[in-house]
Amino acid sequence: MRRLTLLLVLVTSAFLGFSQEKPLHGINPNDIDRAADPCQDFFQFANGKWRAENPIPPSMVRWSRRWSAGESTKNVLHDILEDAAKNSAKAAPQSTERLIGDYYGACMNEKEVNKQGLKAIKPELDAIHNISSAADLTQVITRLQQEGIFVPFIFGSAQDPHNPAMVMADTGAGGLGLPDRDYYFKDDDKAKETRQKYLEHVTATLQLAGYDKSKAQAAAQTVMRMETALAGASLTNVELRDPHATDHKMKIDEVQKLAPHFDWRPYFQALNLDPAVDFNAEEPKFLQELERQFTQTPLTDWKTYLEWHVLRAASPNLSTPFVNEDFAFYRQYLAGAKEMKPRWKRCVESTDADLGEALGKKYVEKVFPPEAKTRIQELVKNILLALHDDIETLTWMSDDTKPKALDKLAKFTPKVGYPDKWKDYSSVKIDRHTHWSNVREAQKFAVRDDTGRIGKPVDRGRWGMTTPTSNAYYNPLLNEIVFPAGILLPPMFDVTASDAVNYGGIGPVIGHEISHGFDDQGAQYDGTGKLQNWWSDADYKEFKTRGQCVVDQFDNYTVEGGLHENGKLVLGESIGDLGGVKLAYLAFQKSLQGNPQPAESEGFTPEQQFFISWGQSRGDEVRPETQRQMVLTDPHPIGKYRVNGPLSNSSEFQKAFHCKAGDPMVRPPEKKCEVW
Ligand SMILES: [Zn+2]
């Protein structure tokens with residue numbers, strides 16, 4: 001295995017133009033805070049100096065080497081898009097170059113966007129103003145949903161968890177302007193302040209749209225009243241972690257009965273859907289609340305609500321006053337950003353969001369060497385093998401359940417870098433002139449592309465993230481782990497870095513995604529993606545007990561403003577982190593077997609380098625406002641606990657750094673958590 005690794009590195013070195021003798025580089029010694037004790041606070045030790053020297057840039061809400069790499073990727077995309085915009089007139093109509101060039105060019109034309117102002121969304125606003133009957137209301141909601149403005153409910157395609165080879169229709173709760181349903185009910189001072197700020201934001205936006213102040217204030221109250229009622233009928237994000245809670249497969253007539261005043265048949269017709277398909281109503285209670293609102297809320301209030309949501313969706317793409325007002329609430333007040341990203345970067349992000357696979361194709365042609373793909377595939381294979389070995393030797397799982405866990409593991413599909421088949425955007429109407437109409441057309445394509453799958457067999461080639469994205473995911477219904485090219489960059493991964501760096505960087509990310517297949521949610525699906533129990537009762541009970549240990553551990557971590565992490569909310573991610581770092585370490589150890597011990601680097605053993613690499617690649621500094629938002633909405637704990645949480649359960653880590661009982665990085669035996 002070791003020889004193969006070296007061979008690959010040599011090929012890659014030649015590709016990158018390095019001499020073959022150039023040694024592989026190690027961890028970043030300058031990032032380490034040598035004054036910190038790794039057994040007290042490893043997060044501080046591994047990357048404290050980097051964070052001290054690299055404060056969060058004003059336009060960002062989190063910062064680390066990884067976030068920095070993600071922002072650098074946008075420079076690459078910027079070059080691609082500037083080039084495409086300059087040359088788009090020469091490109092063939094509807095070609096990738098033409099589409100991304102014109103989209104980006106129109107977005108960058110701030111003068112035209114400002115000149116258009118509110119006129120850009122006149123078609124949507126006119127349609128709302130002309131509503132005069134319940135039938136009109138249904139029609140306008142349908143139209144907005146076709147443009148990707150999903151209020152007051154969510155609709156789309158979903159794999160059938162009882163027959164994962166097929167795709168069904170799915171509707172869920174939605175229609176809120178605050179980040180989560182809990183924001184409408186929490187009782188502390190900060191939550192009350194946030195609701196007040198939201199009212200002010202809705203008021204200010206409506207004033208920009210021509211309302212006078214008192215009318216705008218009254219309208220904001222209407223929005224708050226309607227959204228609070230919808231929020232009250234929505235499941236909490238902890239309840240949503242249980243896949244059974246949202247599993248209500250039925251047919252259109254049964255969904256119709258839950259909310260008789262929203263007519264689904266014309267909706268299906270407008271989306272070109274067969275009304276005979278299976279249809280999952282994720283939250284029947286929410287549909288019943290919608291019914292109540294359809295019968296009791298006056299049409300004028302509905303019109304106010306819809307107008308607000310069109311403005312909310314469009315604001316980042318409208319003229320400067322709308323952009324500023326949107327930024328001030330969502331990015332500045334809620335997340336803590338100090339200033340807006342430059343326009344070119346927002347236009348890059350918008351192109352990635354709307355024409356992601358067209359831009360992504362150009363991106364990988366430019367930056368992603370085939371050698372990287374081969375190397376990652378090898379790491380994935382080794383870490384899957386590590387879990388295989390781990391399951392075989394688990395003491396808490398019985399021989400009844402083990403073969404089933406191994407069967408699920410054998411059915412994992414890894415996807416690395418970029419899709420084999422790219423989306424075809426040639427039906428999207430993009431022009432060089434009006435930015436919002438491009439966003440609208442791209443959104444319409446996204447909705448067609450998604451809903452067009454309903455009633456058909458699943459297409460296993462699709463990707464849920466764009467290629468330049470600095471992230472990864474597990475999808476339980478496809479039982480697949482996916483690593484876009486955008487995360488396969490330093491500090492996570494580098495073809496010129498040592499095994500300790502790569503196993504410690506991207507390794508735990510790979511292990512994390514694999515472990516999601518066996519977290520509180522993933523463990524409820526089998527290897528084919530079916531929501532079906534494969535555990536013995538006793539083993540599942542033990543699995544839950546072990547999960548509860550992680551819940552308790554994270555419940556005790558505090559963040560900004562005395563808030564606590566919500567252990568139940570972060571359970572899946574924390575099982576992922578705990579399993580991820582262990583599996584990557586096992587795979588790293590196995591790669592060393594039978595080979596000469598690698599050299600120390602900067603006085604650190606290979607094992608220490610592995611953990612330092614992990615601490616450095618996860619070393620996020622997070623703005624207080626974003627910490628608060630994460631605790632309420634994000635299933636991921638903040639960076640500090642993603643590093644210190646799993647490592648304080650890891651005997652391998654403790655051994656590598658000679659930590660002793662009683663050290664903060666050593667949880668006492670009775671509190672030590674281990675799932676995988
Ligand atoms: Zn995850």
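General remarks:
- In segment 536-558, residue farthest from the chain's Cα centre (by Cα) [restricted to those that are away from the ligand (no atom under 15 Å from the Cβ) and aliphatic (A, V, I, L, M)]: Ala538
- Gly417 vs. criteria of a type in the set (Gly, Ala, Ser) and under 30 Å from Ala276 (Cβ atoms): no
- Selection of segment 331-346 for residues being crowded, with 17+ Cβ neighbours inside 10 Å and assigned to a loop (DSSP other than H, G, I, E, B) yields Leu334, Ala335, Gly336, Ala337, Met340, Lys341.
- In segment 377-403, the residues that are within 22 Å of Ala500 (Cβ to Cβ) and of a type in the set (A, V, I, L, M): Leu379, Val380, Ile383, Leu384, Leu385, Ala386, Leu387
- Applying a threshold of 7 Å to beta carbon distances and a minimum spacing of six or more residues, or different chains, the list of pairs starting in segment 161-188 at a residue that is over 14 Å from Leu240 (Cβ atoms) and in contact (Cβ under 8 Å) with a residue 40 or more places away in the chain and ending at one that is of a type in the set (Ser, Thr, Tyr) and assigned to a loop (DSSP other than H, G, I, E, B) reads Pro164/Thr528.
- When Asp431 is tested against (1) within 30 Å of Tyr585 (Cβ to Cβ); (2) charged (D, E, K, R); (3) loosely packed, with under 15 Cβ neighbours inside 10 Å, just one condition goes unmet, and that condition is (1).
- Residue check, Asp326 assigned to a helix (DSSP H, G or I), under 15 Å from Ser59 (Cα atoms) and of a type outside the set (Lys, Arg): yes
- Condition met for Glu291 (of a type in the set (D, E, K, R), surrounded by fewer than 20 Cβ atoms within 10 Å (Cβ to Cβ) and touching a residue at least 24 places away in the same chain (Cβ under 8 Å)): yes
Results for (1) within 22 Å of the chain's Cα centre (by Cα); (2) part of a loop (DSSP other than H, G, I, E, B), shown as yes or no for each residue.
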position	(1), (2)
Val631	yes, no
Pro635	yes, yes
Asn649	no, yes
Cys659	no, yes
Pro664	no, yes
Cys673	no, yes
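- Selection from segment 35-70 of residues that are in a loop (DSSP other than H, G, I, E, B) and of a type in the set (A, V, I, L, M, F, W, C): Ala35, Ala36, Cys39, Ile56, Met60, Val61
- Residue-level analysis places His516 among those that are touching a strand residue (DSSP E or B) at 6+ places or on another chain (Cβ under 6 Å) and within 16 Å of the ligand (Cβ to nearest atom).
- Answer residue from segment 559-600, given it is touching a strand residue (DSSP E or B) at 6+ places or on another chain (Cβ under 9 Å) and modelled with pLDDT under 95 and is nearest to the ligand (Cβ to nearest atom) among those: Val559
- The selection criterion, being within 14 Å of the ligand (Cβ to nearest atom), farther than 30 Å from Ala191 by Cα and either among the basic types (Lys, Arg) or crowded, with 23+ Cβ neighbours inside 10 Å (or both), does not hold for Leu647.
- Number of positions in segment 430-483 that are assigned to a helix (DSSP H, G or I), among the aliphatic types (A, V, I, L, M) and either within 16 Å of the ligand (Cβ to nearest atom) or under 24 Å from Thr528 (Cα atoms) (or both): 0
- Val495 vs. criteria touching a Leu at 6+ places or on another chain (Cβ under 8 Å) and either away from the ligand (no atom under 16 Å from the Cβ) or modelled with pLDDT of 95 or more (or both): yes
- Ala372 within 26 Å of Ala485 (Cβ to Cβ), part of a helix (DSSP H, G or I) and touching a residue at least 12 places away in the same chain (Cβ under 8 Å): yes
- Within segment 250-262, the set of residues being in contact (Cβ under 8 Å) with a residue 12 or more places away in the chain and crowded, with 17+ Cβ neighbours inside 10 Å comprises Ile252, Val255, Leu258, Ala259, Phe262.
- Which numbered condition Thr626 fails, given (1) within 16 Å of the ligand (Cβ to nearest atom); (2) hydroxyl-bearing (Ser, Thr, Tyr); (3) farther than 30 Å from Pro23 by Cα: (1)
- Pair list, Cβ under 6 Å, 6 or more apart: segment 593-621 residue in contact (Cβ under 8 Å) with a residue 24 or more places away in the chain and more than 29 Å from Ser470 (Cα to Cα), other residue surrounded by fewer than 24 Cβ atoms within 10 Å (Cβ to Cβ) and not small (Gly, Ala, Ser): Asn595/Arg2; Pro598/Pro606
- Condition check for Val550: at pLDDT 95 or above, of a type in the set (A, V, I, L, M, F, W, C) and more than 26 Å from Ile481 (Cα to Cα): no
- Some residue of segment 161-181 being farther than 24 Å from Pro284 by Cβ, buried (at least 17 other Cβ atoms within 10 Å of the Cβ) and of a type in the set (Gly, Ala, Ser): no
- Failed item, numbered, when Thr626 is tested on (1) part of a helix (DSSP H, G or I); (2) closer than 22 Å to Arg65 by Cβ; (3) of a type outside the set (Lys, Arg); (4) out of contact with any strand residue (DSSP E or B) (no Cβ under 9 Å at 6 or more places or on another chain): (4)
- Pairing residues of segment 638-658 that are of a type in the set (S, T, N, Q) with residues that are outside any helix (DSSP H, G or I), at Cβ distances under 6 Å and at least 6 apart in sequence or on separate chains, gives Ser648/Met665; Ser648/Arg667; Asn649/Arg667; Asn649/Lys672; Asn649/Cys673; Gln654/Val666.
The values are calculated or read from the model by the stated rules, or taken from the named source; none is laboratory data. Since we're looking at a predicted model, the values are computed, not measured. Methodologically, a virtual Cβ is constructed for each residue, glycine included, from the backbone with ideal geometry; neighbour enumeration extends over all protein chains shown.
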